[in-house]
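Student: One structure follows; several queries about it will come next.
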Amino acid sequence: MSRLTALALSSNQITEIPSEIGHLESLSGLYMDKNQITEIPSTIYQLSNLTALNLSSNRITELPSTINQ
């Protein structure tokens with residue numbers, strides 16, 4: 001089990017969020033703004049401790065219908 005609570009990967013030209021992100025159970029902050037991300041993987045909803053998410057300034061054109069879960 002990972003004890004990582006915050007992950008900051010802003011401004012890195014990242015094109016996708018790996019599905020394995022859902023394994024970071026302790027993650028409370030994810031900052032991936034200013035990248036080239038086009039979609040949000042469904043595994044992000046497994047992050048039950050996530051309270052801060054910044055995906056601004058990416059190439060996301062549509063939010064998943066399950067975003068409010």
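Student: Using Cα-Cα distances under 8 Å and only pairs 6 or more residues apart, what relative contact order does the chain have, in percent?
Tutor: 33 percent
Student: How do 6-15, 43-52 rank on mean C-beta neighbours within 10 Å, highest first?
Tutor: Output ranking for 6-15, 43-52: 43-52, 6-15.
Student: Next up: Between Asn68 and Asn12, what is the label-point separation in nm under the 7 Å Cα-to-beta-carbon projection?
Tutor: The modelled label-to-label distance comes out at 3.2 nm.
Student: How big is the dipole moment of the chain about its Cα centre under a simple scheme where the beta carbon of each Lys and Arg is +1, that of each Asp and Glu is -1, and everything else is neutral? Debye, nearest 20, please.
Tutor: Working: 3 positive and 6 negative charges, 34 e Å.
It works out to roughly 160 debye.
Student: Stretched out fully, how many nm does the piece from Leu4 to Leu53 gain, at 0.36 nm a residue minus the Cα gap? Intermediate results must be reported in sequence, preceding the final value.
Tutor: Details: separation 49, 0.36 × 49 = 17.64 nm, distance 1.47 nm.
Gain on extension, Leu4 to Leu53, equals 16.2 nm.
Student: Given H placed 1.01 Å from N in the peptide plane, which residues other than close sequence neighbours of Leu53 have an amide H under 5 Å from its amide H?
Tutor: Leu30
Student: Are there GluC sites (Glu not before Pro) in region 1-38 that DSSP marks as loop and that have at most 16 other Cβ atoms within 10 Å, and which are they?
Tutor: Glu16, Glu25
Student: Pop a pseudo-label 7 angstrom from the Cα along the beta-carbon direction at both Thr61 and Glu25 and give the gap in nm to one decimal.
Tutor: Simple spin-label model gives 3.8 nm for this pair.
Student: Further question: List the residues whose amide H sits under 5 Å from the amide H of Ile14, counting only those 5 or more places along or on another chain, with H placed 1.01 Å from N in the peptide plane.
Tutor: Gln36
Every number here is computed from the coordinates shown, using simple stated rules; none is lab data. The shown structure was predicted, so the numbers you read here are calculated from the model rather than taken from an experiment. Don't worry about glycine lacking a Cβ; one is built from the backbone with ideal geometry, like all the others, and counts go over all protein chains shown.
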